[in-house]
Every structure is written in structure tokens, then in C-alpha cells.
Amino acid sequence: MKLLALGAAAVALALAPGTASAEELPTFDFTDCPAPPANADPGTWRCEAFVSQGKLTIGSQEIPLGEMRLTFSEGRVNGQYAQAFGALRHEPVRVPGLAGTTLQLRYGGYSDFQGNDARRGELDVYAVLRHPLLRRECSIGTAAAPMHTVVHDDPALPPVVLSKNPPTVHFGVVDPDLAVPATHGCGPLGELVDRKLGLPSPTGQNTFHQTTYVQYKQL
């Protein structure tokens, strides 16, 4: 998922044709922003609030993920880059082809939002599945063994600065190499869910895509 700081100086400072206007911006929530650590370099920390619309394609099947919200803080400690994860919030969405089943993404315990030439960011996630006939523990990936997503800039939606005050950016990211494991802890119907979703599905067969707005707040 792209989930990472995009320094405003690195992107165009004007709206590109066809991009969303300021009137269409989502509401950003900084409630989950982690405070800078006690030894943070003064004046270097900021929080980033992401609002994304995502979709997960497994083989030929697309699962619309709806809205996802993510927050983290970044800055410097003793002159070195540092970051602190805040929260990943995602409301359950219906799974096409599995009547009455919902999927909810949760944070898998690892994130790295410092981009480089090879990728935009990394994030571990797992997906909780809910249905009256599935066990409570049913999931794709787990907190102990999550899916690892590495996101790259989406050429179809390059970064565009929508506002300089407060700094607000719109962009797209994609992970074309996500591996999706078989379900875990689902009970007797787990094999049926795996067949319906085509799981496990190896890297190269799946795509995780996000269209994201991010706003920055100095801490």
C-alpha cells in the first residue's frame, strides 16, 4: 500500500488536469497521530493522515476495499530519520461471491514509510473474514504471519499537490507482487472460502491498489 511521506518539494505544485479539486477533499483525522518521542529533534516531526480508496485483485477476482485511513508520524532523532506508526482503520466490506461474508484489513505489526528509488513504502496487514458459519479466528494472514505489501508509485496517478497550506497531496500506489495465503482458522468451511477466492495465490497473480489523499500536520 503506499503509505508514506511524499515531501511536497518533490511533487508538482499545481493541480494537474483531471485531478480532484479542493472541494472534493475528504475530512482528515489526526486523532491517532503518535506524539514525537521524548528525544526527538525539535521542530522536525509531523503527522501524516492518509485517506485511501483501495481494491484487492486476487487472480481475476476484484474485491473493492472501500475507505482506509492510516496515520503515522515521522521526524528526526539525533539527526537520523525516525517514524512511529499510529493506526490503520478499515470498515468491513462485503466479499463478492461469498454471500454474507465481510473482510476487514488490520495492521500486521510492521511498517516502513521512508520511500526510496525501489519502492514507496512497506506495510504488513492481515484480513479478518466474518460470516455466521466461519470461526471467529478466520483470516487471510494473521497478526503473527501477516501479508507483506510493498507499494510503488502508480504511473496512472502521479503525485499532485492540492494545497500548500495545509500541505495536501493526491496520488496512487500499487503492489503488483503481493502474495495472498490460504485462509487460517476458519473451520470446516475454510476450504470452500479458499476455492471461491482462489487461495493461496502466489506473487505475480494479485494486485493491491490505492488511490490516496494525504495531509500533513506539524507536531
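Quick look at the numbers
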| read-out | value |
| --- | --- |
| For Phe30, Phe72, order by how many other beta-carbon atoms lie within 10 Å, fewest first | Phe30, Phe72 |
| Environment charge at Arg89 (Cβ cut-off 12 Å; Lys +1, Arg +1, Asp -1, Glu -1) | -2 |
| Order of Ser163, Ser52, Ser201 - criterion: other Cβ atoms within 10 Å of each residue's Cβ, fewest first | Ser163, Ser201, Ser52 |
| Size-normalised alpha-carbon gyration radius of the range 94-219, reference 2.2 N^0.38 Å | 1.23 |
| Theoretical FRET efficiency, 1/(1+(r/R0)^6), r = Cβ-Cβ of Lys196 and Val77, R0 35 Å, to 0.05 | 0.15 |
| Zero-based 5 Å bins, Cα pair distances in the chain, whole percents | 1, 7, 14, 19, 18, 15, 11, 8, 5, 2, 0 |
| Candidates Gly86, Gly204, Gly141, ranked by Gaussian network fluctuation over the chain, Cα under 10 Å, top entry | Gly204 |
| The range 89-149: trypsin sites (Lys or Arg not before Pro) falling in loop per DSSP and having at most 12 other Cβ within 10 Å | Arg136 |
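Bear in mind that the values in this text are calculations on the coordinates, not laboratory data. Just so it is clear, the structure is predicted and the values come from calculations on it, not from any experiment. Every residue, glycine among them, receives a Cβ derived from its backbone with ideal geometry; neighbour counts consider all protein chains shown.
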